[in-house]
1. Under 7 Å between Cβ atoms, which residue pairs at least 6 apart in sequence (or on different chains) link something in the stretch 70-83 that is farther than 13 Å from Leu111 by Cβ and modelled with pLDDT of 95 or more with a partner that is polar (S, T, N, Q) and not in a strand (DSSP E or B)?
2. Closer than 17 Å to Ile131 by Cα and either among the aromatic types (Phe, Trp, Tyr) or free of Cβ contacts under 8 Å to residues at least 40 places away in the same chain (or both): does that describe Phe26?
3. Do we find a residue being free of Cβ contacts under 8 Å to residues at least 24 places away in the same chain and over 16 Å from Ile131 (Cβ atoms) anywhere in the stretch 3-15?
4. Of all the residues that make up the stretch 161-180, how many are free of Cβ contacts under 8 Å to residues at least 12 places away in the same chain and either among the small types (Gly, Ala, Ser) or on the phi > 0 side of the Ramachandran plot (or both)?
5. Restricting to the stretch 43-71, name every residue that is among the basic types (Lys, Arg) and farther than 11 Å from Gly120 by Cβ.
6. Just to verify a result, which residue in the stretch 1-53, among those that are polar (S, T, N, Q), part of a loop (DSSP other than H, G, I, E, B) and out of contact with any Pro (no Cβ under 6 Å at 6 or more places or on another chain), is farthest from Ala115 (Cα to Cα)?
7. For Ala125, only one of the following conditions fails: (1) farther than 21 Å from Pro9 by Cα; (2) of a type outside the set (Phe, Trp, Tyr); (3) in contact with a Pro (Cβ under 8 Å, 6 or more places away or on another chain). What is its number?
Amino acid sequence: MQIEDTPLPGVKILTPNRFGDARGFFSESWNKRLLAEHGIDLNFVQDNHSVSAQVGTLRGLHFQAPPHAQDKLVRCGQGALFDVAVDIRKGSPSYGQWFGLELSAANGKQLLVPAGFLHGFITRAPNTEIIYKCTDYYAPDCDGAVRWDSCGINWHHDGAPVLSDKDAVAPPLAAFDSPFVWQGAT
């Protein structure tokens with residue numbers, strides 16, 4: 001597996017090796033032991049899977065606050081999406097900065113989004129599937145969002161995105177009081 005750092009500390013790109021033949025391919029998308037050897041030692045407890053029918057469906061920017069904050073490992077099972085992480089750790093040198101990456105069924109890349117980061121994506125193909133692992137269970141009372149267009153993200157999309165009601169009325173980053181605090185270098 002190829003593991004790459006991004007400009008945001010803790011956010012990583014994981015690209016599994018693919019072994020293919022005429023039938024298709026096999027890849028190992030998560031290996032706890034291998035990744036622990038590279039300093040990524042996470043205990044995932046929940047897998048989520050969603051499908052977005054329309055191109056331009058934007059989901060995010062979401063987080064789950066402590067005490068149920070989640071690290072997420074995100075991949076695309078079908079189609080393509082632009083996946084984004086935004087640092088919301090108070091005191092972080094990269095607070096408010098974002099990183100985005102195209103995830104697709106074709107490229108097999110995955111994005112590791114640590115707790116303390118907003119997460120969101122916009123679809124690039126119809127019927128796009130996103131699959132992600134989480135280190136804590138969903139807790140509705142800890143669920144939160146920040147407005148998708150308040151962080152300076154270039155979504156690489158023309159026109160209005162398809163949004164949920166929750167995402168359309170989320171507060172902007174400038175009015176957001178983050179529950180996360182930067183703990184120093186990661």
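1. Close Cβ pairs (under 7 Å, with a partner that is polar (S, T, N, Q) and not in a strand (DSSP E or B)) amount to Gln70/Thr135; Gln78/Asn127; Gly79/Asn127.
2. Details: closer than 17 Å to Ile131 by Cα: yes; either among the aromatic types (Phe, Trp, Tyr) or free of Cβ contacts under 8 Å to residues at least 40 places away in the same chain (or both): yes.
When the stated conditions are applied, Phe26 passes them.
3. First pass over the stretch 3-15, keeping only residues free of Cβ contacts under 8 Å to residues at least 24 places away in the same chain: 4-5.
Remaining after also requiring over 16 Å from Ile131 (Cβ atoms): 4-5.
Within the stretch 3-15, one or more residues are free of Cβ contacts under 8 Å to residues at least 24 places away in the same chain and over 16 Å from Ile131 (Cβ atoms).
4. Of the residues in that region, 2 qualify.
5. Here is the first cut: in the stretch 43-71, the residues among the basic types (Lys, Arg) are 59.
Passing the criteria: none in range.
6. My answer is Asn17.
7. Tallying (1) farther than 21 Å from Pro9 by Cα; (2) of a type outside the set (Phe, Trp, Tyr); (3) in contact with a Pro (Cβ under 8 Å, 6 or more places away or on another chain), Ala125 fails exactly one: (3).
The rows are residues; the columns are (1) within 28 Å of Asp167 (Cα to Cα); (2) acidic (Asp, Glu); (3) buried (at least 19 other Cβ atoms within 10 Å of the Cβ); (4) modelled with pLDDT under 95.
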position	(1), (2), (3), (4)
Gly24	no, no, no, yes
Ser27	no, no, no, yes
Trp30	no, no, no, yes
Phe44	yes, no, no, no
Arg59	yes, no, yes, no
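The values are calculated or read from the model by the stated rules, or taken from the named source; none is laboratory data. A quick note: this is a predicted structure, and the numbers were derived from the prediction, not measured. Cβ coordinates were reconstructed from backbone atoms using ideal geometry, including for glycine residues, and neighbour counts include every protein chain displayed.
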